[in-house]
Each structure stands twice: as structure tokens, then as C-alpha cells.
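Heads up, the thing below is written out as C-alpha cells.
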Amino acid sequence: MEAKKVTEEEEETWRREIVTSVMRLVSTRLPQTDLISLLLVSPWLYRTLISYPSIWLTINLREMTNAGDRLLAALSLPRYRQVKHINLEFAQGVVDSHLKLVKTECPDALLSLECLNLNVCQKISDNGIEAITSICPKLKVFSIYWNVRVTDAGIRNLVKNCRHITDLNLSGCKSLTDKSMQLVAESYPDLESLNITRCVKITDDGLLQVLQKCFSLQTLNLYALSGFTDKAYKKISLLADLRFLDICGAQNISDEGIGHIAKCNKLESLNLTWCVRITDAGVNTIANSCTSLEFLSLFGIVGVTDRCLETLSQTCSTTLTTLDVNGCTGIKRRSREELLQMFPRLTCFKVHS
């Protein structure tokens, strides 16, 4: 009887201390669906997991159906009251009314939210943005990729409600204009990442607003925006901390504009795909200044030759891991061995944008 009692006490200690510690470590690495499944294993495990708020900081509804209803249900649970990251990317069944209900029924649920991903939630409009951002005072990361309903009014609501944004993805929001860029520039001087891919209504003047005020930018994605000219590209030189720049399809940029971009000497990734006016002179300027480059795409530029490749080999051979010269008819074909002699760290020879 005594032996049994000791065994029960040891078992209880093992379960309370060892298993609890192990579950706390493992649960932080589990997908949310698996974590929720564990709640059903036993009442004891349920109580154990619920007692650790640090493992309930994410609500991931990516690609799920009825995501609006699921979001409301999750936010009604006490365990999500410190949630920091909500992912609704490609989720179905999310409309403005769901976000308005979050505001009215769970007004204190998102006080700690730092990251909100609404990518491809195409039924959300300016009204939805106004509702959800009005209860997220600590939001830092906001992404609403490919939403044609959002207008400048939505960005006005965002900057009014969320003053601490450092990462902003507006890619594919084709209704946005220079007014949105003015709002962003005036509100977010500490912005570190901006993606305005295919925001086709934004002109040089809008981009200049950002470049002249958001000096902390480290990532700038201007993919598929052929309307910008050297007038704006020259001011990219103001971004002393820029690490990533994508200007794929910048048909108007010249070697002069590239010369100003080269002043961003901390660049690690530069996509010049289809920048058709660039020649060896522009690439050489980049090579001589941006000696930390790891990724460079010259895809489709017929004005560059082996001369710029030789310069790159002299200045960036210790850093460059990805180089795309497909379609560069002035650069001769080389074997893998020849390329590795020029760029010993090269691991990828073809990168298609």
C-alpha cells in the first residue's frame, strides 16, 4: 500500500513538473491545429496548456473556410486575450461585418496585436479596415495584398488608428493613389518595409513622398511599376539602410538612376529584371559600391555584357549567391565550373521573377 502511494506521488510529480515543462517547450513549436487537438486529449492536459498564455499568441486561419466566424469564436476565448499575430491570408468567408463584430463584441481582444495579415481577403473594404484597426493600437505589421476594394480612405483609417506600423504590404491594391503615399510618409517615419507592387496609380510624386521622409526603410518592393522615372529613383539614394530593392520592370530607369541607387551600399538583394535601359555602366556602378550583394537579377537586359560580370566577380565574389543573367544576350554562356571560378559562393544561376 505504501509502495503504491509513493508511486502515485511520483507519478503526480512527474506529470505536474516534467510533462508540464516538456509540453511548454513542444507546444510553442506545434502548428495551431495540432495544439488545439492536444486540448482534447485530457482535462489535465487542457488545463496545463491553457495555463500558458505565451503559447496562444497566434490565430492562424490561413486558407480556412468560414474564417470570419472562426475568428470571432477564437477571440471570445480568454486564452487568446494576448494574441499578437492573426493570419487570414487566403481565408474564405471574411467580410466587413465580421471585423465590425470583432470591434463591438471583443473590443479589448486585440490590444496586444502586432501583426495582421489580410492578404487576398478581397471582400474587406475601407469600412472593415477602419473597424479592425481602431482596436489594434500596437499594430506593427499590416498586410492586405491584392485587395482592389481598399482606397485611400482605408489607408487614412490605418494611419489614424495605428501609429506604430513598421512593415506595410499594399501589393496589388490598385485603387491606391499618391494620397496614400503621402499619408504613409507623414505617419510612419520609422517604416522599415514597404511593398507597393502593382499599385499602378502611384506616380513619381507619391513615391518621392515616401523616399524623402521614411529614411529607415530596409525593404522596398516596387515590382511591376513601369511608370516611375529617374526623378523618383534618384531619391532612393536617401535610404542609407536599404537592404532589399525590387524594381523589376522599371523600363524608365537609366544608368544615371542606377548610379544613385548604388549609393545604398548596404544592398544585399537587387532585382533589375527587365530594366531594359541599363548598360554595363550602371551595373559596374552597383558592383563597385554595393559590395555586400547576395542576390542580383539582370534578367532580360540586353545592354549588359561580360564586362559587368567581370566587375561583379572582382567586387562581389565573396558575397553573391544568386545571379540571374538569363536573356542577357551580351553575356556568353558559361559552365557551372566557370561560374564558380568567378563566384565561389554561387548556388543559384537562374532566378525567374
Listed by chain and number, the lysines with an alpha carbon less than 22 angstrom from that of K332, same-chain partners under 8 positions apart left out, are K350
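Could you state the accessible area per residue of region 245-332 in Å², with a 1.4 Å probe and every protein chain left in place? All intermediate terms of the calculation are to be shown ahead of the outcome.
Working: 3120 Å² over 88 residues.
Dividing the accessible area of region 245-332 by its residue count gives 35 Å².
How much length is gained if the chain between L40 and N288 is pulled fully straight, taking 0.36 nm per residue apart and subtracting their Cα-Cα distance, in nm to one decimal? Intermediate values should be presented prior to the final figure.
Numbers: separation 248, 0.36 × 248 = 89.28 nm, distance 6.00 nm.
Full extension from L40 to N288 adds 83.3 nm.
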Carbon-plus-sulfur fraction of the accessible area of the chain, 1.4 Å probe, in percent?
51 percent
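Tally Lys and Arg at +1 and Asp and Glu at -1 over the other residues with C-beta under 14 Å from the C-beta of R149: what net charge comes out?
Details: positive: K123, K174; negative: D96, D126, E130, D152.
So the environment of R149 carries a net charge of -2.
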With a sphere of radius 12 Å drawn around the Cβ of L99, what net charge do the other residues whose Cβ falls strictly inside it have (Lys, Arg +1; Asp, Glu -1)?
-1
So what J values fall out for region 306-323 if you push phi through Karplus, 6.51 cos²θ - 1.76 cosθ + 1.60 with θ = phi - 60°, rounded to Hz, Gly and Pro as x?
4, 4, 6, 5, 5, 5, 4, 5, 6, 10, 10, 5, 8, 10, 5, 10, 10, 9
For Cα Rg over 2.2 N^0.38 Å, which listed value, (i) 1.07; (ii) 1.15; (iii) 1.24, comes from the coordinates shown?
(iii)
Would you work out the charge dipole size for region 305-352 about its Cα centre, treating the Cβ of every Lys and Arg as +1 and the Cβ of every Asp and Glu as -1, and quote it to the nearest 20 debye?
100 debye
Partners for K231 among aspartates and glutamates (Cα-Cα distance below 12 Å; same-chain residues under 8 apart left out):
D204, D205, E256
Scoring only Lys, Arg, Asp and Glu (+1, +1, -1, -1) among other residues with Cβ under 11 Å from the Cβ of K174 yields +3
For T329 and K174, FRET efficiency with R0 = 41 Å and r from the beta-carbon atoms, rounded to 0.05?
0.75
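Helix-only mean residue ellipticity at 222 nm, the chain, DSSP H runs n ≥ 4 weighted -39,500 (n - 2.57), per residue, nearest 500. What is it? If you can, show how the numbers build up before the last one.
Numbers: 15 runs with 129 residues, N = 353.
Value at 222 nm, helices only, nearest 500: -10000 deg cm²/dmol.
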Heavy-atom accessible area per residue of region 21-151, all protein chains kept, 1.4 Å probe, expressed in Å², is 49 Å²
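Length gain on complete extension for the stretch D241 to Q341, per 0.36 nm per residue less the alpha carbon to alpha carbon distance?
Details: separation 100, 0.36 × 100 = 36.00 nm, distance 3.08 nm.
That pair, D241 and Q341, stretches by 32.9 nm at full extension.
Strictly over 30 Å apart at the Cα level, which of K138/K234; K140/K235; K160/K235; K174/K235; K84/K263; K123/K235 would you flag in this model?
From K138/K234; K140/K235; K160/K235; K174/K235; K84/K263; K123/K235, over 30 Å: K138/K234; K84/K263; K123/K235.
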Placing +1 at every Lys and Arg Cβ and -1 at every Asp and Glu Cβ, with all other atoms neutral, what dipole size does region 256-353 have around its Cα centre, in debye to the nearest 20?
100 debye
So E310 and K100, fully extended at 0.36 nm per residue minus their Cα-Cα distance, gain in nm 69.8 nm
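The values are calculated or read from the model by the stated rules, or taken from the named source; none is laboratory data. These numbers were taken from a predicted model, which means no experiment stands behind them. When we count neighbours, we look across all protein chains shown, and the Cβ atoms used for this are built from the backbone with ideal geometry, even at glycine. Areas reflect the complete protein model, heavy atoms only, side chains present, ligands, DNA and RNA absent. Shrake-Rupley method; radii C 1.70, N 1.55, O 1.52, S 1.80 Å.
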